Amino acid sequence: MPASWPDGIFHADQELLAGHGDLDSLDRERLDAACEGRDVVDAASGLHQGDHDLVGDPDDLILADLAVFDLGEPNPQGLDPEAPGGTPPACYDDAMRSGLEIGFALDRRWHLMRSEDEGSKKPALLLLGRVFADAAVPYAIIGGVALQVHQAEPRTTLDIDVAVRDSREIPRPQLKAAGFSETGRFTHSENWLGPDDTPVQFTDDPALAAAVARAELLELDGVPLRVIRRADLLHEKLRAGADPAPRRSKRLQDLADAQSLLESDPALAAELTAAESALLDPL
C-alpha cells in the first residue's frame, strides 16, 4: 500500500472494489518499470479520497483494467506478461479509455448486486466496433457510454447508444451474423440486443449527422471505436435538456450531464450560444 496519496492519481472507492487484494511487490515493480518511474497507486487498496477524483491528471498514472482485477480473475490481462493471453503492463494515460474501464467495472458490480451473472457492456461494444469498422460505416457512440469517455465522474449506463447518418447504412446482416438481434424499429431509431442481451439503440437523428462525421477515434483492446466529440456531446445534452417531450427527470439529468461536461473542460463554455448557457443558469 502506498505511503502517500499523490494528487490526481487514479484510485477507486473501496466499496466499488471491495474484497480485492493489493498489488504484491513484484507486480508493483513491473508497473513501476512499465510506467517509467511515475507513482503507482493500487486502486484496489481501499484508499479513498472522494469520487470526484476518480480520474485524475492524464499526466499521472491511471490504472483501469489492471485496478479492477476483472472482479477476481487470478491473472488479469496486463498484470503478468507470462500469464495466458497476458501482455506487458501498460500505463493508461488516456483518461477517455480509463473512463470506459471504470464504467465496465460498475457494470459488473451492478450485476453482482442483483445476484446476476457477472458481465459488462465491453464485449458488445467491442463487437459492435468491429462490425462497423469492417463494414466501413461511419457512426458515433453517444449517450451514457460517451459520457463515460468524456466526463471525470464515474458513470454507469445499461445500454449502448449509437448515432448513424442514415438508418439504411446500419450493417444489419453483419450485426445479425455477429449475434445481434433487432427488437424494434421507430422513426429515427432502432432497438437491438447484443449477444449478451446488452441493449443497443441506433439513431439517425439529422441533428447528429455532423457529429457523426467528426467523431473522434478511440482504440480499446485493439478495436477502433468512434466516439462523439466532447463539444458535440455537450450540445446534444443541452438540446435534449431543452426538449419538453421527455419526462422532467430525464431533462434534468441531461442538463446535469451538460454541466458536468463543462466542469470537466471549462473551455467548452466558449462554444455555447447564449440560449444554451441560459439553460444551465438555474443549475
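We did not get these values from a lab; they are worked out from the coordinates using the rules stated. If you're wondering where the values come from, they're calculated on a predicted model, not measured in any experiment. Cβ atoms come from the backbone with ideal geometry, glycine included; neighbour counts cover every protein chain shown.
Please give the contour-minus-distance gain from Ser249 to Ala274: 0.36 nm per residue of separation, less the Cα-Cα distance, rounded to one decimal in nm. Mind showing how you got there, number by number?
On the way: separation 25, 0.36 × 25 = 9.00 nm, distance 2.36 nm.
Extra length available between Ser249 and Ala274 comes to 6.6 nm.
Could you work out the mean projected area of the convex hull around the alpha carbons of the range 201-261, in square nanometres to one decimal? Can you show the working numbers first?
Details: hull surface 20.1 nm².
Orientation-averaged projected area of the Cα hull: 5.0 nm².
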Subject >> Amide H partners (placed H, <5 Å) of Leu220, local residues excluded >> reply: Leu225
**OP:** Determine which lysines satisfy two conditions relative to Lys176: a Cα distance under 28 Å, and not lying fewer than 8 residues away in the same chain.
**Re:** Lys121, Lys122
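Once fully extended, how much extra length lies between Leu112 and Asp196, figured as 0.36 nm per residue of separation less the alpha-carbon to alpha-carbon distance?
Working: separation 84, 0.36 × 84 = 30.24 nm, distance 1.56 nm.
Once the chain is fully extended between Leu112 and Asp196, it gains 28.7 nm.
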Subject >> the range 122-280: Rg to Rh, with Rh as the Kirkwood radius over Cα pairs >> reply: 0.96
Subject >> Packing-based ranking, highest mean first, of 252-261, 137-146, 178-187 given that Cβ atoms within 10 Å are counted >> reply: 137-146, 252-261, 178-187
**OP:** Beta carbons within 10 angstrom, averaged per residue: use that to sort the peptides 123-134, 163-174, highest first.
**Re:** 123-134, 163-174
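In the range 205-271, which GluC sites (Glu not before Pro) are in a loop and have at most 12 other Cβ atoms within 10 Å, using DSSP for the loop call? It would help to have the intermediate numbers written out before the result.
Working: sites: Glu216, Glu219, Glu236, Glu263, Glu271; in loops: none.
For GluC sites (Glu not before Pro) across the range 205-271 that sit outside H, G, I, E and B with at most 12 neighbouring Cβ atoms in 10 Å, the list is empty.
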**OP:** For the range 143-233, compute Rh as the Kirkwood radius over C-alpha pairs and then the Stokes-Einstein diffusion coefficient at 25 °C and 0.890 mPa s; write the answer in µm²/s, rounded to an integer.
**Re:** 175
